[in-house]
Structure formats: C-alpha cells, structure tokens
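Read the structure below first, then the notes.
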C-alpha cells in the first residue's frame, strides 16, 4: 500500500493568547488559533476578503516555547500535520480538524529577531544587531535560558 502525505504549512496571526495545559501524565500541550486571510473574486467579478481560522496544537517543549514567547496578534509560520478527532457532547457527535505543529517560526519578533522552534531539536535564538556599520552583524547564541523580552533594547 502506498504511503500518504499529511503535511501543512500555514502563515497567519494568532487570534488569542496561547493556552498551555498539562495532561494527567505530565505532558505539556499548548493550543492556539491562527487567522488566515485570503482574497477571491465572487460570481460578479468583485474582489472579496475572507478569513479562515485554524486551531493549532503544539506538544512538549515546542508548546512551552510557543506559550512563553507568543501572544495574540503575533505572526507565525506553522508546519505540521492535520489530525481529526471526534467526541460526543450532550448526546451529539462532534468532530474537529486541527493542525498538530511540528515547527513554529515566530515571524514578527522585536527588531530583526527571528526564532524557530521544533520538536526534538534544541532551540537557538539568533538576533542580528547593528553595530558601527550596517554591514556588520553580531550573532549571539542564547541557548536554552529563558529570555526576558524587556531586556532587549529594541
């Protein structure tokens, strides 16, 4: 039997602050939602704007970093897979399709900062700072220590 491909890449803005929870066995899970804007021509040829909302789930260390660094309105690039789940609520069957994130890239960091987080990979924070010349760039490896965003001068 041939293998299937289940991979999505989405870029949008967070619609709410991420919510970090812990499963009964101690695993961290973070849920958030992003808004995806699109334009299309309707039947009369007029351009219309529409927004789609997608729920995202990030597990483990990735979920912790998303919860720590992101907030409502921030722009992100999410890579992951689609997963459907169903349950019964008040006698009615419910179902939902969501993205299980494997990688989240924070796109609109403060200044020229960019951060990429992946499950199973260590996070390296790289920030480019202007020095005496616009061509000179200083790259700092901050490793896994938590960063206080108020300490960043830009």
Assuming R0 = 22 Å, can you tell me the calculated FRET efficiency for the pair residue 36 and residue 68, based on Cβ-Cβ distance, to the nearest 0.05?
0.40
State the extension gain, in nm to one decimal, for the chain segment bounded by residue 5 and residue 48, taking 0.36 nm per residue of separation less the distance between their alpha-carbons.
12.3 nm
What is the Cα centroid distance between the stretch 46-89 and the stretch 2-45, reported in whole angstrom?
3
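Throughout, read-outs are computed from the coordinates displayed, never taken from laboratory work. Only a predicted model underlies this, so the values are computations on that prediction, with no experimental measurement involved. Ideal geometry is used to build each Cβ from the backbone, glycine not excepted, and the neighbour counts take in all protein chains shown.
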